[in-house]
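Contents: one structure, followed by commentary.
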Amino acid sequence: MQTSTILYIILAAIVALGLVLFQYYYKTKKRGKLHVLLSFLRFIGLFGIFLLLINPKFTKNEYTLEKANLIVLTDNSSSVEIAANDVASILDQIKSTAALKDQFNVTEYLFGTNLVASDSISFTDKNTNVSQALTQLKAIYANTKTAVILLSDGNQTIGVDYGYLGNQLKYATYPIAIGDTTQYEDVRINAVNSNKFAFLKNKYPIEIGVSYAGNSSISATVTVVVNGKSSYRENIKLSRTDNVKTINTLLNASSVGIKNIKVSVSTIPNELNTKNNQKSSVVEVIDEKTNIVIVSDLVHPDIGALKKAIESNEQRAVSIKKPNVNLKSLDEANVFILYQPNASFSAIYNYLQKKKSSVFTIIGEDVNANFINRIQKTFRVDGDYPAQETFPVLNSAFTKFDISEFSTDELPPLNYGGGLLDYGGGEPLLRKKIMGKIFDAPMLFALDNEEGKQLVLFGENIWKWRMQSFRSNQNFENFDDFIGKLMLYLASNKTKNRLNLDFEKIYEGSSDAKIKASYFDEAFVFDANATLILKLKNSSTGDSSEIPMLLKSNFYEADLSNLEPDNYSFTVMVEDENRSKSGSFTILDFDLEQQFSATDFKKLGQLASSTGGALYFPNQIEDLLTKITNDRQYVPTQKSTKNVVSLIDFRILLGLIIAALSAEWLIRKYNGLT
């Protein structure tokens, strides 16, 4: 307590005493025990008030001993299980070292995919993320003296390269290299990359990454097997300097269905780990052939030109029908081309309006304006014009799809026998030029509304465009690609599905096996109140189970990480709704941790040197513990904490003041004193 505070307290006592003497004894003749009691109570009240104003405080120093943190970080992945005895022995030795407990706050963590505060080792994690574990420890023990003992084989399967974390970490790391440090020759398949889907009768690409670890020059054979049949084979050579090879090839999609692709590389002499010599992938071959129907009451070369151009892509098939066709035979069609429609097309128009199909209408010289304007509401034409030669002019501002590669240069004119009164807000793709003048009215326009997608072309003899394309380029590509884009635009008018699934056809191990689903109400707004059930069946054993799908923000999810490797089929059902979707998938017996044959002690050493630590091996644990306990930077430090404490609790003092003054007042009143 400061001297000035003590002087203030003495002064407060003197002032309080002076006031009491003045009030009770100055010019007062009665001096009995009652006055002594009253003066004492008055003194207590006044002195307490002065103490509240002074608020005396004193400083108290508290001393604590702060230990450094010693983090024992153990790799819990399956690749370390082979050295489980070494890990247990090291941990027991650390726990039994009394000097460590005296000098450090020892905490144990496990890591695999995630960091966990625990000492219960199971070696069951299917991934190793060293960098994430070290970074999370940095956040937990920020601004404290910390050392980390890392027990790991150094083989990381996910995450950023931990060898370059030295500049980011604020603590020294002392790795203990667990496992076999002998470097064996090894050839492996690093990756197999392919598309998820392929189209029937097309070729699909596959990319294979092969690597070699060793000092020799070797030859190996890479084989690709699709559904049990050999589809590709290549001999490669690898060496210490040229140790990576990327193979790109194309496979034939000759049939529809799931194609299980198994890629393997032949073993080399004395190769220890052969589990990494193969990888699997899957491609689904689908037949999404677009069925296009040309309806015409005429025999015209335009129809042949359109059929040739459309079928230049094998994913499209064209059939030619008369307007009086049986309408049920049109149910499988995706796109309709109405060539020069007339009154006989009435049934066709009624059918298309109910189906809301995509339609490409071509109007030529003979325009039946009354019928066209009556049967549909998209556009209106005027038939009181003579046939005119109309040249196409490309609208470079067209936005619905890319037409930049299509050229109208040198294309001959088309013949059209009418005018255009209205085109319903459609977007012009081609404008028309007549006698050298370009008109705002379109020659070809596109329109997308609630009735579906529509294209309307005013002009016949389009076959001349295809012939001119060949004259100019010695091929039909300019014209065929243009017609192909028109068909692609029309065919993309797909109906929305209220229930959609998101899953992989093949999972490399069950850890990432999840099925996601999204469900929408009738207004196509995500329904978060629905109940989705996953019915799962093991295709090999026939065992079935039901799993409720959990809501995760804007989707539903079923976690299948507990499944055994096998083939499965499933159905997702919406409870209380007659709505479901099915699928199938395969879980491979694949453990990424088993792809490594030796400890990566070089990477562990790189981490140690970049953080100011050192690399050790299991037989050097005594040296490590001696090094840490003798390191002066980890000596416990004494810290003093200065606490400023009030001398008197103001609540007690306030209560004492109130009690003293109240007692004085009551006694005075009781004895008739004023």
### Message
So ILE403 ticks every box in (1) surrounded by fewer than 17 Cβ atoms within 10 Å (Cβ to Cβ); (2) β-branched (Val, Ile, Thr); (3) more than 17 Å from GLU460 (Cα to Cα) but one. Which box is left unticked?
### Response
(1)
### Query
Looking at this structure, is ALA517 within 24 Å of ASP302 (Cα to Cα), in a strand (DSSP E or B) and small (Gly, Ala, Ser)?
no
### Task
Working only within the range 549-581, note down all residues that are β-branched (Val, Ile, Thr) and surrounded by 16 or more Cβ atoms within 10 Å (Cβ to Cβ).
VAL572, VAL574
### Summary
Pairing a residue in the range 7-26 that is over 15 Å from LEU51 (Cβ atoms) and without any contact (Cβ under 8 Å) to a residue 24 or more places away in the chain with any residue that is among the small types (Gly, Ala, Ser) and assigned to a helix (DSSP H, G or I), where Cβ atoms lie under 8 Å and the two sit 6 or more apart in sequence or on different chains, gives LEU21/SER39; GLN23/SER39; TYR24/SER39; TYR25/SER39
### Task
Kindly indicate whether PHE555 is of a type in the set (Phe, Trp, Tyr), under 30 Å from GLY304 (Cβ atoms) and at pLDDT 85 or above.
no
### Message
For the range 171-220, give me every one of the strands (runs of 3 or more DSSP E) that falls completely inside it and has 3 or more residues that are over 30 Å from ALA133 (Cα atoms).
### Response
197-199, 203-213
### Message
Being surrounded by fewer than 22 Cβ atoms within 10 Å (Cβ to Cβ) and either at negative phi or outside the structural domain of LEU73 (by TED's automatic domain parsing) (or both) is true for just one of ASN193, ASN129. Which residue is that?
### Response
ASN193
### Message
When the residues of the range 66-76 are narrowed to those that are part of a strand (DSSP E or B) and not aliphatic (A, V, I, L, M), which ends up modelled with the lowest pLDDT?
### Response
GLU66
### Query
Restricting attention to the range 316-340, and to residues there that are among the polar types (S, T, N, Q) and crowded, with 18+ Cβ neighbours inside 10 Å, which single residue is modelled with the highest pLDDT?
GLN340
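Table: residues versus (1) among the aromatic types (Phe, Trp, Tyr); (2) in contact with a helix residue (DSSP H, G or I) (Cβ under 9 Å, 6 or more places away or on another chain).
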| site | (1), (2) |
| --- | --- |
| THR144 | no, no |
| TYR162 | yes, yes |
| LEU169 | no, yes |
| PRO175 | no, yes |
### Message
Take the residues in the range 463-506 that are surrounded by 14 or more Cβ atoms within 10 Å (Cβ to Cβ) and of a type in the set (Val, Ile, Thr); name whichever of them is modelled with the highest pLDDT.
### Response
ILE483
### Task
Test each condition in (1) without any contact (Cβ under 8 Å) to a residue 24 or more places away in the chain; (2) exposed (fewer than 11 other Cβ atoms within 10 Å of the Cβ); (3) out of contact with any strand residue (DSSP E or B) (no Cβ under 6 Å at 6 or more places or on another chain) for GLU546 and report the one that comes out false.
(3)
### Task
Take the range 376-395 and flag every residue that is closer than 19 Å to ASP448 by Cα and not in a strand (DSSP E or B).
GLN376, LYS377, THR378, PHE379, ASN395
### Query
Residues SER407, SER396: which one is without any contact (Cβ under 8 Å) to a residue 24 or more places away in the chain and out of contact with any Gly (no Cβ under 7 Å at 6 or more places or on another chain)?
SER396
### Message
Between SER79, SER89, SER131, which is free of Cβ contacts under 8 Å to residues at least 60 places away in the same chain, of a type in the set (Gly, Ala, Ser), assigned to a helix (DSSP H, G or I) and in contact with a helix residue (DSSP H, G or I) (Cβ under 9 Å, 6 or more places away or on another chain)?
### Response
SER131
### Message
Cβ contacts < 7 Å: first residue within 17 Å of ASN252 (Cα to Cα) and touching a residue at least 12 places away in the same chain (Cβ under 8 Å), restricted to the range 279-291; second residue of a type in the set (Phe, Trp, Tyr) and surrounded by 14 or more Cβ atoms within 10 Å (Cβ to Cβ), any location; separation 6+ or different chain. Result?
### Response
VAL283/TYR204; ILE286/PHE199; GLU288/PHE199
### Query
Of all residues in the range 220-240, how many are more than 27 Å from GLY257 (Cβ to Cβ) and not aliphatic (A, V, I, L, M)?
5
### Query
Looking at this structure, is GLU365 assigned to a strand (DSSP E or B) and surrounded by fewer than 17 Cβ atoms within 10 Å (Cβ to Cβ)?
no
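Yes or no, residue by residue, for (1) over 28 Å from the mean Cα position of the chain (by Cα); (2) over 17 Å from LYS603 (Cβ atoms); (3) at pLDDT 90 or above; (4) buried (at least 20 other Cβ atoms within 10 Å of the Cβ):
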position: ILE82; (1), (2), (3), (4): yes, yes, no, no
position: ASP92; (1), (2), (3), (4): yes, yes, yes, no
position: ASP119; (1), (2), (3), (4): yes, yes, no, no
position: THR144; (1), (2), (3), (4): yes, yes, no, no
position: VAL148; (1), (2), (3), (4): yes, no, yes, yes
position: THR157; (1), (2), (3), (4): no, no, no, no
position: LEU165; (1), (2), (3), (4): no, no, no, no
### Query
Could you say whether any residue in the range 643-658 is within 43 Å of the chain's Cα centre (by Cα) and either under 30 Å from PHE43 (Cα atoms) or among the hydrophobic types (A, V, I, L, M, F, W, C) (or both)?
no
### Query
Does ILE438 count as in contact with a helix residue (DSSP H, G or I) (Cβ under 7 Å, 6 or more places away or on another chain) and in the same structural domain as THR378 (by TED's automatic domain parsing)?
no
### Summary
For the range 198-226 the number of residues that are at pLDDT below 90 and closer than 30 Å to GLU284 by Cβ is 7
### Query
Got at least one residue in the range 100-116 being at pLDDT below 90 and within 17 Å of GLN620 (Cβ to Cβ)?
yes
### Message
With the requirement that a residue be within 54 Å of the chain's Cα centre (by Cα) and of a type in the set (Asp, Glu), what does the range 382-420 give you?
### Response
ASP402, GLU405, ASP409, GLU410
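The values are calculated or read from the model by the stated rules, or taken from the named source; none is laboratory data. Computed from a prediction, not measured in an experiment: that's the story for all the values here. Methodologically, a virtual Cβ is constructed for each residue, glycine included, from the backbone with ideal geometry; neighbour enumeration extends over all protein chains shown.
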